[in-house]
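Asks: The structure's right below; bear with me while I get my questions together.
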Amino acid sequence: MAFTIRPLTEADWQQVKQIYQLGIDTGDATYETQTPEVDALKLKFLTEPLLVVEDNGQVIGWAFLSAVSSRCVYGGVAETSIYIHPEFHRLGIGRALLSDLVPLSEKLGFWTLQAQIFPENKASIALHERQGFRKVGYREKLGKRDGVWRDVILLERRSSVVGND
C-alpha cells in the first residue's frame with residue numbers, strides 16, 4: 001500500500017471528523033461519545049504539527065497533539081492523538097504517523113509526549129511502546145464513559161534532547 005503523510009489542510013477536517021467518530025464508536029479510544037463540530041474540534045488540538053495520511057485522495061488517518069496544561073511550565077509537554085480509519089488498521093500507518101510526529105514535535109520544542117490509553121486498546125499501547133513510549137502510570141477510574149468508570153494507562157516519551165542545554 002502506498003500512502004502519503006502530509007500536513008493537514010482545511011479541506012481535510014470533515015474526513016478527520018469522520019475518522020474520529022469511527023474511533024469513538026469503538027468505545028475504547030476516548031471518553032467522548034460524539035465528535036465535536038469541526039470548529040470545536042480544531043480548538044482541541046495544537047496548530048502544529050497536524051499530520052494526515054492520504055491514500056488515493058482520501059484521508060485515512062491522522063495524528064495531532066494537544067496541550068496537557070495551559071501553565072507555561074508545561075509548554076513542552078503534549079498529548080498524542082492518533083486515529084486510523086478501521087479499514088486501514090494493521091498496515092503500519094499508525095507507526096508511520098507516530099514516527100513522523102515525534103521528530104516534528106521535538107523541532108517545535110516538545111520534550112515530553114504523553115498518551116492516555118484505555119487498557120483494552122492494546123494495539124494503541126503496543127504502537128506507542130514500539131515508538132519509545134513507556135508506561136509510567138495506571139489511573140484507576142479516571143472518568144466515566146457511558147456511565148461506566150474507565151481506567152487509563154499513562155505512557156510517555158521523553159525527548160533525547162532533554163538535558164542537553
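Every read-out reported here was derived from the displayed coordinates using simple, explicitly stated rules and does not represent laboratory data. Just so you know, these numbers come straight off a predicted model, no measurement behind them. Neighbour counts run over all protein chains shown; Cβ positions are idealised from the backbone, glycine included.
Asks: Got a sec to turn the phi values of the stretch 100-114 into Karplus ³J(HN,Hα) couplings, 6.51 cos²θ - 1.76 cosθ + 1.60 with θ = phi - 60°, whole Hz, x for Gly and Pro?
Replies: 7, 5, 4, x, 5, 5, 5, 4, 8, x, 7, 9, 9, 10, 10
Asks: Give the separation of the Cα centroids, the stretch 92-135 to the stretch 44-71, in Å.
Replies: Using only Cα atoms, the two centres lie 13 Å from each other.
Asks: Say a paramagnetic label sat at a point 7 Å from the Cα of THR4, along Cα to Cβ; which residues of the stretch 41-64 have their backbone N under 18 Å from it?
Replies: 50-63
Asks: Right, here's the next one. By a straight-distance test (C-alpha under 16 Å), which lysines pair with LYS42 as possible cross-link partners, with residues fewer than eight away in the same chain excluded?
Replies: LYS17
Asks: A further question on this structure: Pull up the cross-link candidates among the aspartates and glutamates for LYS107, meaning alpha carbon to alpha carbon under 12 Å and not fewer than 8 places away within one chain.
Replies: Filter leaves GLU48.
Asks: Sticking with this one: Straight-line reach only, C-alpha to C-alpha below 16 angstrom: list the lysines that LYS122 could link to, leaving out same-chain residues fewer than 8 apart.
Replies: Result set, ordered by chain and number: LYS135.
Asks: Here is a follow-up. Could you derive backbone 3J(HN,Hα) for the stretch 77-83 from the dihedral phi with the Karplus parameters 6.51, -1.76 and 1.60 (θ = phi - 60°), listing whole Hz in sequence and x where the residue is Gly or Pro?
Replies: Those phi angles translate into 10, 9, 10, 7, 9, 10, 9 Hz.
Asks: Could I ask something else about it? Residue separation times 0.36 nm, minus the C-alpha to C-alpha distance between ASP100 and LYS42: what's the value?
Replies: Full extension of this stretch gives 18.8 nm more.
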